[in-house]
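**Student:** Below are the structure tokens for one structure; questions will follow.
What follows draws every value from the coordinates through simple rules; no lab data is involved. Remember, it's a predicted structure, so these values are computed and weren't measured experimentally. For neighbour counting, all protein chains shown are included, and Cβ atoms are generated from backbone atoms with ideal geometry for every residue, glycine included.
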Amino acid sequence: MKAATRPTSRSAPPPLATFIVVTVWIMAFFVPATVLQAGKWEYPSARKADATDNYHGTIVTDPYRWMEDPEAEETIAWVDAQNRVTHEYINRYPGREAIFSRMKDLWNFPKYSLPRKEGDRYFFEKNDGLQNQSVLYMQKSLRGEAVEIIDPNKLSEDGTVALRNQSYSLDGTLLAYGLSTSGSDRQEIRIREIDTGLDYPEVIEFVKFAGIAWKHDNSGFFYNRFPETGTVPDEDLNNYSSVYWHRTKSPQSQDVLVHSDPEHKEIGFWPYMTDDGKYLCMYVYHGTDSRNGIYLRDVESTGDFMKLMEVGEAKFDPIDNVGTTFYFNTDLDSPKGRIIAVDITRPERENWKTIVEESENPLAFVSMVNNQFVIAYMKDAHHELAVHNADGSFVREIELPTMGSIRGLRGKRTDSEMFFGFTSFLYPFAALRYDFTSNETTIFRTSEIDFDPSRFETKQVFYTSKDGTRIPMFVTHKKGLELDGENPTILYGYGGFNISMTPRFSITRLVWLENGGVYAVANLRGGDEYGEDWHQAGMLDRKQNVFDDFIAGAEFLIKEKYTNSSKLAINGGSNGGLLVAACMLQRPELFGAVLCQVPVTDMLRYHKFTVGRYWVPEYGNAEENPKHFEFMLAYSPLHNVKEGMTCPPTLITTADTDDRVVPMHAKKFAAELQAKDSGANPILIRIEVKAGHGAGKPTTKIIEEYTDIYTFLFKTFGMASPVFGQN
């Protein structure tokens with residue numbers, strides 16, 4: 001791309017001079033201001049500081065450490081300049097308004113959450129279409145009139161206050177709910193009387209990822225919280241988790257401490273009440289490590305908790321209890337999961353009983369409804385649903401609409417009905433109701449959208465990774481797609497924290513599919529698609545396996561002629577942002593574009609910010625462990641940008657108030673890329689304001705963000721005339 005220069009010669013005839021001046025004016029409008037020299041992109045300058053760290057005898061420079069302070073004037077000025085560059089580049093694409101308009105039209109349909117029954121009431125959320133936040137409703141029967149309970153849209157003009165937590169009393173007359181602002185994980189808990197619509201006077205603060213466990217007499221609830229600002233060093237504000245008792249209509253200052261463990265400040269406690277109301281339990285965790293503990297005691301007791309399981313051995317997901325017998329889904333000695341029964345009157349290991357044995361397909365999650373186990377199995381990265389009796393014997397499978405995912409399952413042990421959500425790549429979320437008496441599945445709530453799924457298809461393929469591991473991948477595209485190697489393609493991945501990438505509907509993705517785009521999702525190691533062994537194969541010193549899996553997926557799509565390197569974009573967010581950043585640096589020639597969303601990029605310092613220390617069991621700690629430093633430095637995106645390398649066209653996104661993956665990761669990475677890259681392709685960063693990691697983001701911001709993302713891709717791949725609808 002060439003930059004225009006104003007002509008200096010006055011010897012040209014007037015018509016030619018006029019033509020040149022007009023041409024210069026046109027080019028000045030269409031060529032981004034970042035292009036200052038022919039063939040080379042340049043960007044707003046970023047000062048390089050002299051910050052260094054000594055990691056076990058190795059000195060590592062950190063020239064953009066000043067960007068870790070989001071409030072510094074220098075950081076703010078750099079962010080503003082980068083946003084101007086990015087929006088200037090994107091807004092010059094003539095099809096942006098068409099993409100925005102289609103995105104908005106697609107979004108404008110009613111959306112429902114999965115209902116939950118509390119007492120004799122049903123609660124659900126609904127978004128009419130373009131509301132910034134979904135509204136909470138209640139109805140007193142399946143066909144009853146829906147009554148509005150909370151409309152978060154009335155709490156802020158720009159829709160940045162979100163309803164993030166709901167916990168109901170046993171009879172469904174009281175609701176403890178959390179509100180977060182600008183996408184923060186921090187919440188304030190309030191209590192609403194459902195029938196009057198009035199809130200109690202107290203506000204519960206200092207909570208994040210809160211469990212709320214109501215006593216069955218409605219007198220109050222147990223909850224977990226963090227320290228008050230100023231009572232501990234700032235780096236410990238996400239440590240020292242404690243459980244408190246709150247009595248309704250009393251100030252938080254009178255709450256009673258129930259449990260804490262200051263000697264182990266990184267251990268967290270999440271309280272929950274058994275459905276029979278007899279036991280207060282705590283899910284005990286260490287960061288994102290799935291190997292949790294379970295503590296419990298009689299709800300009226302003030303004595304010590306029984307430590308049924310301790311942190312660090314295995315996963316113990318609580319299912320339910322019948323009297324003193326507690327059921328768990330565990331991977332103890334069974335990486336794909338099994339159901340065990342533990343009688344707390346005889347809690348010794350030799351008395352534990354296996355109810356449902358480990359099978360070939362992992363147990364994704366288990367509930368107890370109708371006094372039976374409802375088990376979601378994982379079959380090659382999609383779900384199957386089955387019912388087993390309380391003794392573990394198989395009863396039946398529950399047929400699902402197509403190959404897809406169960407998103408939530410609601411029902412209590414004594415209920416004869418349950419609700420579960422279902423979705424796939426081409427079908428939006430539907431709330432389904434299953435009747436155990438009639439064995440019938442019916443639609444409780446579904447959505448009508450201006451999109452014809454019959455013109456598209458999803459198929460599952462398998463490919464081989466670098467070390468011979470078989471990796472599944474979903475590929476979605478128009479029916480009759482010609483495999484000529486010329487199709488613009490997005491390859492998405494995550495690969496971490498034992499999170500499975502099962503089929504899921506996305507409104508924003510439809511604009512890509514309608515224009516002939518291919519969308520592929522690779523089920524990488526690090527997830528939970530094949531159980532805990534699959535997860536562990538992609539964590540700590542085995543993280544490179546995840547990158548190898550993703551790169552092999554890209555090579556497969558090219559080999560099978562879905563696309564070619566110049567038309568292949570890779571996409572991931574959060575841990576997936578780390579994935580695409582690392583793969584781009586390891587194989588820059590393999591990709592035609594990179595969409596790197598809210599990424600983790602500084603693997604040496606990530607644990608120092610907000611909840612980063614939660615991820616140490618997954619990633620490691622380079623500061624404390626020399627071996628960890630060695631393998632983390634080897635792939636850390638921030639530390640592996642090579643001078644003079646040529647990266648694909650890249651768009652990095654983050655948000656200024658993201659307090660999960662702090663925006664310094666994206667900022668420092670963008671600055672490092674812009675400084676060292678050859679300048680052949682654009683390296684852009686988009687920093688959203690008044691937004692967080694994603695949860696609670698208002699609809700207007702989501703549509704704007706994904707309009708920019710797809711505009712970037714359409715422009716990069718030369719998709720000059722977007723066409724939507726029945727094409």
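**Student:** Quick one: which of 543/668; 48/208; 117/278; 478/668; 336/412; 307/627 span more than 27 angstrom between C-alpha atoms? Don't skip to the end; give the middle numbers.
**Tutor:** On the way: 543/668 22 Å; 48/208 35 Å; 117/278 20 Å; 478/668 39 Å; 336/412 25 Å; 307/627 33 Å.
48/208; 478/668; 307/627, as the Cα separations exceed 27 Å there.
**Student:** So, one more: Output the 0 to 90 degree angle, nearest 10, between the alpha-carbon long axis of helix 699-716 and the longest principal axis computed from the alpha carbons of the chain.
**Tutor:** 40 degrees
**Student:** Let me ask something else. Can you give the extra length, in nm with one decimal, that the chain gains between residue 454 and residue 379 once fully stretched, where that is 0.36 nm per residue apart less the Cα-Cα distance? Intermediate results must be reported in sequence, preceding the final value.
**Tutor:** On the way: separation 75, 0.36 × 75 = 27.00 nm, distance 2.42 nm.
Taking residue 454 through residue 379 to full extension adds about 24.6 nm, to one decimal.
**Student:** Give me the base-10 log of I(q)/I(0) for the chain at each q in 0.07, 0.10 Å⁻¹, Debye formula, one uniform scatterer per Cα, rounded to two decimals.
**Tutor:** Each listed q maps to, in turn, -0.52, -1.08.
**Student:** In addition: Relative to the Cα centre, what is the charge dipole magnitude of segment 110-273, using +1 at the beta carbon of each Lys and Arg, -1 at the beta carbon of each Asp and Glu, and rounding to the nearest 20 debye?
**Tutor:** Values: 18 positive and 26 negative charges, 126 e Å.
That gives a dipole near 600 debye.
**Student:** Moving on to the next point. If one takes the longest principal axis of the Cα atoms in the chain, at what angle in degrees, from 0 to 90 and to the nearest 10, does the Cα axis of helix 626-635 lie?
**Tutor:** It works out to around 50 degrees.
**Student:** What does the charge count near residue 472 come to, summing +1 for each Lys or Arg and -1 for each Asp or Glu among other residues with Cβ under 9 Å from its Cβ?
**Tutor:** So the surrounding residues net to -1.
**Student:** Relative to the longest principal axis of the C-alpha atoms of the chain, give the angle of the C-alpha long axis of helix 543-559, reported between 0 and 90° and rounded to the nearest 10°.
**Tutor:** The helix 543-559 is inclined about 60 degrees to the chain.
**Student:** Taking the simple approach of a point 7 Å from Cα along Cα-to-Cβ for both residue 61 and residue 343, what is their distance in nm?
**Tutor:** So the label points at residue 61 and residue 343 sit 6.8 nm apart.
**Student:** Can you compute 3J(HN,Hα) from phi for each residue in segment 648-664, using the Karplus curve 6.51 cos²θ - 1.76 cosθ + 1.60 with θ = phi - 60°, rounded to whole Hz and x for Gly and Pro?
**Tutor:** For segment 648-664, the Karplus curve yields x, x, 10, 10, 9, 10, 7, 9, 5, 10, 5, 9, 9, 9, 4, x, 4 Hz.
**Student:** Which FRET efficiency, nearest 0.05, do residue 590 and residue 257 yield, Cβ-Cβ r, R0 60 Å?
**Tutor:** The computed FRET efficiency comes out at 0.65.
**Student:** In square nanometres, what is one fourth of the surface area of the convex hull spanned by the alpha carbons of segment 192-309?
**Tutor:** Average projection, Cα convex hull of segment 192-309: 8.4 nm².
**Student:** Right, here's the next one. Just grab the label-to-label distance for residue 540 and residue 437, each label 7 Å out from Cα along the Cβ direction, in nm (one decimal).
**Tutor:** For residue 540 paired with residue 437, the spin-label model returns 5.3 nm.
**Student:** What is the mean projected area of the alpha carbon convex hull for segment 110-273, to one decimal in square nanometres?
**Tutor:** Taking the Cα atoms of segment 110-273, their convex hull projects to 10.4 nm² on average.
**Student:** Moving on. In the chain, with Lys and Arg counted as +1 and Asp and Glu as -1 at Cβ, which of these residues, 651, 480, 673, has the Cα nearest the positive end of the dipole, that is, farthest along it?
**Tutor:** After comparing all options, I get 480.
**Student:** Sticking with this structure for a sec: Give me the extension gain from residue 352 to residue 142: residue separation times 0.36 nm, minus the current Cα-Cα distance, reported in nm with one decimal.
**Tutor:** 71.6 nm
**Student:** Could you name the aspartates and glutamates whose alpha carbon sits less than 16 Å from that of residue 701, not counting residues in the same chain fewer than 8 places away?
**Tutor:** 97, 105, 157, 158, 656, 658, 688
**Student:** How compact and how long is segment 30-180, expressed as Rg and Dmax of its alpha-carbon atoms in Å?
**Tutor:** Rg then Dmax for segment 30-180, in Å: 24.6, 70.
**Student:** Let me ask something else about it. Go through segment 315-326 residue by residue and turn each phi into a ³J(HN,Hα) via Karplus (6.51, -1.76, 1.60, θ = phi - 60°); whole Hz please, and just put x for glycine and proline.
**Tutor:** 7, 9, 7, x, 9, 5, 9, 10, x, 8, 9, 10
**Student:** What's the magnitude of the charge dipole for segment 359-448 around its Cα centre, counting Lys and Arg as +1 and Asp and Glu as -1 at the beta-carbon? Answer in Debye, nearest 20. Display every interim value, and only then the final one.
**Tutor:** Values: 8 positive and 11 negative charges, 65 e Å.
Charge dipole of segment 359-448: 320 debye, to the nearest 20.
**Student:** Between residue 675 and residue 560, what FRET efficiency comes out of the Förster formula 1/(1 + (r/R0)^6) with R0 = 25 Å and r the beta carbon distance, rounded to 0.05?
**Tutor:** My answer for the efficiency is 0.10.
**Student:** Give me the net charge for the shell around residue 61: Cβ to Cβ below 15 angstrom, other residues only, Lys and Arg +1, Asp and Glu -1.
**Tutor:** Overall, the nearby charge balance is 0.
**Student:** Could you calculate the contour length gain from residue 464 to residue 219, that is, 0.36 nm times the residue separation minus the distance between their Cα atoms, to one decimal place in nm?
**Tutor:** 82.5 nm
**Student:** Right, another one. Local charge sum around residue 658 (other residues, Cβ-Cβ under 10 Å, Lys/Arg +1, Asp/Glu -1)?
**Tutor:** -3
**Student:** Place +1 on the Cβ of every Lys and Arg and -1 on the Cβ of every Asp and Glu in the chain, take the dipole about the Cα centre, and give the residue among 698, 267, 281 whose Cα lies farthest towards its positive end.
**Tutor:** 698
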